[in-house]
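The values are calculated or read from the model by the stated rules, or taken from the named source; none is laboratory data. Just so we're clear, the structure is a prediction, and the values are computed from it rather than from any experiment. Cβ coordinates were reconstructed from backbone atoms using ideal geometry, including for glycine residues, and neighbour counts include every protein chain displayed.
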Amino acid sequence: MLAAGLEKKRYTILNDVVLPAGGGTVHFDHIVVSRFGVFVIASQYARGWVSGGEFQDRWKQAHWGRAKRFENPLHQNTIQAQALGRLLNLPAQKIHPVVVITGHKGMKTEVAANLVGSDGIIGYIRKKGTQILEPEQAERLLKEIVQARIQPDGRYYLSRWSLLKIILIAILFAGIWLAFRGEFQAIHKSLTERQEQRESPDLFRADGSRKTEQELWEDSLICAWSEDSGRCACYAPGGGQVALEPSKCRSLAERGSILKQ
């Protein structure tokens with residue numbers, strides 16, 4: 001949404017940023033750098049109805065009669081903004097902390113000015129339309145953030161929920177395979193036979209069924225029949241004559257032998 005709603009020439013968006021802070025690190029969901037200030041955006045997902053005051057340590061989300069508490073996202077967002085200000089040596093009035101909350105039905109309590117829904121983040125940023133940073137200053141701040149950014153070390157860690165989802169998906173596919181294994185095998189066999197029919201039509205009858213080994217052997221024979229004498233002879237591909245009943249020999253010869261007289 002940020003990339004689609006903000007002009008690239010006026011705003012630079014950084015996603016999933018980890019920066020050093022004191023003896024540790026601070027994670028930022030999104031940082032937007034512009035001449036109108038530096039926006040520190042925290043994304044919070046909460047289901048059901050949400051209640052919590054600006055100065056409360058923990059908020060509550062109520063969904064289907066069940067209540068769950070979570071850390072006040074405004075407090076966390078403030079800590080992020082302060083850490084970024086110290087890192088960049090930037091006054092607080094030039095940093096705009098904002099929390100985007102999604103998935104909820106609404107707020108049961110008064111909403112802070114810097115708490116918006118996902119559909120309100122673009123409007124919130126655009127309202128901060130007064131230039132408070134010179135273009136050169138904004139460029140320098142962006143460069144400092146990029147240089148200080150801690151890159152991942154290439155290792156990938158699965159959370160418990162991610163691992164559980166992978167296991168559930170695997171169980172689901174295994175169940176589907178066991179339930180419809182016969183149908184899957186039949187479809188695979190049908191597709192394989194169709195491919196083989198296109199590549200080797202001589203192996204199949206006109207109705208699409210596969211020829212027997214006897215039929216394939218008979219197809220390899222060269223047979224000749226003479227109407228004048230009533231004589232018939234069949235020969236194998238190697239040249240040796242094959243003994244067949246006259247009626248069978250004549251049937252093979254009439255089926256399309258190039259030596260038919």
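Where strands (runs of 3 or more DSSP E) sit wholly within the range 1-85, those with at least 1 residues that are surrounded by fewer than 16 Cβ atoms within 10 Å (Cβ to Cβ) and among the hydroxyl-bearing types (Ser, Thr, Tyr) occupy 24-34, 37-51. There is at least one residue in the range 16-26 that is in the same structural domain as GLU134 (by TED's automatic domain parsing), closer than 25 Å to GLY129 by Cβ and in contact (Cβ under 8 Å) with a residue 12 or more places away in the chain. Here GLU199 qualifies as more than 25 Å from HIS63 (Cβ to Cβ), at pLDDT below 90, exposed (fewer than 10 other Cβ atoms within 10 Å of the Cβ) and of a type in the set (D, E, K, R). Among the conditions (1) at pLDDT below 85; (2) in contact with a helix residue (DSSP H, G or I) (Cβ under 8 Å, 6 or more places away or on another chain), the only one that SER209 does not satisfy is (2). When restricted to residues that are modelled with pLDDT of 85 or more and outside any helix (DSSP H, G or I), the range 154-196 contains 1.
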